[in-house]
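Comments concern the structure below.
The values are calculated or read from the model by the stated rules, or taken from the named source; none is laboratory data. Values in this document were obtained by computation on a predicted structure and should not be read as measured data. Every residue, glycine among them, receives a Cβ derived from its backbone with ideal geometry; neighbour counts consider all protein chains shown.
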Amino acid sequence: MKAINVAKYFLYKANQDGDLITNLKMQKLLYYAQAWYLVNFDKPLFEDQIFAWDFGPVVKNVYDKYKKYRYTPIILEENFERNIKKIDKEDKKYLDEFYDQFINYSAHDLVDLSHREAPWKKSYKTRTQIIGIDLMKDFYTKLYGQSIKK
């Protein structure tokens, strides 16, 4: 799956619930969705790489798509349905649970949290530094000891 599909699903959920998501917040939601998916399912949620940037983890192609919004909420596009149809039922269930747990955190709370954690700290050197899947999985598995689904 691609991260843009997850991003559009989060925007769809936000639109339904009356929530607002900026690009900064979207980046952190994608990062933590990937992290917890790795812990729960032992595989990545999406194939896109995550980079360690100044304001925390970033999925560059999603960032680039929504950077025109700057610090304002991202508007759900009309063609979002084709993207979210690509997400299977089990992944939607996971994303719904994840969204409900994380949507009330502010973008800055999520930035602060990511900056305190080892995957970003160890990876942050330049904007070309990738936060590795194994580093994320190991850190978050150790942090919580086991899957949050078990």
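Take the conditions (1) more than 12 Å from Tyr99 (Cα to Cα); (2) modelled with pLDDT under 95; (3) out of contact with any Pro (no Cβ under 9 Å at 6 or more places or on another chain); Asp17 misses just one of them, which is (1).
Scan region 104-144 for residues that are at pLDDT below 95, surrounded by 15 or more Cβ atoms within 10 Å (Cβ to Cβ) and among the β-branched types (Val, Ile, Thr) and the total you get is 1. Among residues of region 14-59 being farther than 15 Å from Ser114 by Cβ and among the aromatic types (Phe, Trp, Tyr), the one that is surrounded by the fewest Cβ atoms within 10 Å (Cβ to Cβ) is Phe41. Applying the set (1) of a type in the set (Asp, Glu); (2) surrounded by fewer than 16 Cβ atoms within 10 Å (Cβ to Cβ); (3) modelled with pLDDT of 95 or more to Asp88 leaves exactly one unmet item: (3).
Checking region 63-77 against the condition returns a match, with at least one residue being in contact (Cβ under 8 Å) with a residue 24 or more places away in the chain and within 29 Å of Thr141 (Cβ to Cβ). When the residues of region 13-46 are filtered to those that are within 14 Å of Met136 (Cα to Cα), touching a residue at least 40 places away in the same chain (Cβ under 8 Å) and assigned to a loop (DSSP other than H, G, I, E, B), the one that is farthest from the chain's Cα centre (by Cα) is Asp42.
Evaluate the following for Thr72: is it more than 26 Å from Asp17 (Cβ to Cβ) and more than 17 Å from the chain's Cα centre (by Cα)? When the stated conditions are applied, Thr72 does not pass them.
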